[in-house]
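Here's the structure, in structure tokens; my notes come after.
Read the figures in this text as sums done on the coordinates, not as results from a lab. Nothing here was measured: the structure is a model prediction, and the numbers come from that model. Every residue, glycine among them, receives a Cβ derived from its backbone with ideal geometry; neighbour counts consider all protein chains shown.
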Amino acid sequence: MNISGYRFVDLNDRDELRDPFMNMCTVLELKGTILLSPNGINFFLAGSEESVSEFIQYLESDKRFSGIPIKFSRTDYQPFRRMLVKRKNEIISLGKSEIKPSEFTGPYIKPIEFKRLLDGEKDILVLDTRNDYETRIGSFEGSLELGISTFRDFPNAIESIPEEYKSKTVVMYCTGGIRCEKASAVMINAGFEDVKQLEGGILGYFDECGGSYWDGDCFVFDQRVAVDSDLAETDIQMCFKCREPLSEDEQKSEYYVIGCLLYTSPSPRDGLLSRMPSCA
């Protein structure tokens, strides 16, 4: 059983939380990562159903973590190699300390409501807030991709969005929702008048609406690499050298050598896969 969840909440005792979490996960034989920061918790773990259930009960014992929305999925193997509990300055790194989702964030739009907007062909801007290596393997049809390599580039990247879009409805999305908690606040502060974040992210949309309007697969941050709209693992593989996701067709390329695309080669997604510098 795989679970993931997050919450932005003040954790003044962040440092004291690390060892109890680590001890609990070790006893339960869970693997994965828990990120703890002064402004929240983010976790993605895997283990037996019994262990996962006990971990959730442990979370619920602290009112700050009670009721965290949790996403569930299944694999027939352990998708994480080890158990880590990390203390971080931010549970999702933006580099702007003034952005505090526990105090202010954009309004949410439920997956079914977002689908209705798409069904009705409403004049909205659908914005992908993820990094370029994620968007390359899948995105919502017609969405705007910013071409960023790190979330810290997001505030500067939105400056390229035409001014007329500031008065339009913007629906932004990411994998599970955590990135949009901060990204929505950044856009509202930048003058965008109607910014909504997709509740539960792409994975939440898959769970409620399936693959409607989605093109490709969805990158995930574990050994599965990517899942389809049924939340099943796909054939996408990770290059062990440059850490880029590679499609099945790219893996068949004559340039694909020991887990790495060495040179420019055809890509089924955009017609051309740029050379990966770290693989040269």
Checklist entry - Per the helix-only calculation at 222 nm, which mean residue ellipticity applies to the chain, given -39500 (n - 2.57) for every DSSP H run of n ≥ 4 and division by its residues, nearest 500 deg cm²/dmol? => result -6500 deg cm²/dmol
Checklist entry - Which GluC sites (Glu not before Pro) in the stretch 58-104 pass both tests, a DSSP loop state and at most 12 other beta-carbon atoms within 10 Å? => result E98, E103
Checklist outcome for this item: Residues V195, V186 in order from fewest to most other beta-carbon atoms within 10 Å are V186, V195
Next on the checklist: Classify the stretch 114-164 from the C-alpha gyration tensor, please: rounded if a/c falls under 1.5, else prolate or oblate depending on whether a/b exceeds b/c.
Outcome noted: oblate
Checklist entry - Tell me, Kirkwood radius of the stretch 108-216 from alpha-carbon pair distances, in Å? => result 13.8 Å
Checklist entry - Which entries in K86/K252; K31/K166; K110/K252; K63/K168; K71/K241; K31/K115 show an alpha-carbon gap greater than 32 Å? => result K86/K252; K31/K166; K110/K252; K63/K168; K31/K115
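Write out the trypsin sites (Lys or Arg not before Pro) in the stretch 33-84 meeting two conditions: DSSP loop, and at most 16 other Cβ atoms within 10 Å of their Cβ.
Filter output for the stretch 33-84: K63, R64, R74, R81, R82.
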Checklist entry - With springs only between Cα atoms under 10 Å, which of N42, N89, N189 fluctuates most in a Gaussian network model of the chain? => result N189
Checklist entry - When the dipole is taken about the Cα centre of the chain, and only Lys, Arg (+1) and Asp, Glu (-1) are charged at their Cβ, what size is it in debye, to the nearest 20? => result 820 debye
Item to check | Global geometry of the chain, whether rounded, prolate or oblate, following the gyration tensor of its Cα atoms and the 1.5 cut on a/c | outcome: oblate
Item to check | the stretch 2-87: C-alpha pair distances exceeding 21 Å, % | outcome: 20 percent
Checklist entry - From the square roots a ≥ b ≥ c of the eigenvalues of the alpha-carbon gyration tensor of the stretch 41-124, which class results: rounded (a/c under 1.5), prolate (a/b over b/c), or oblate? => result oblate
Checklist outcome for this item: When the charge dipole of the chain is computed with +1 at the Cβ of Lys and Arg and -1 at the Cβ of Asp and Glu, the Cα pointing farthest to the positive end, of F151, N12, L59, is that of N12
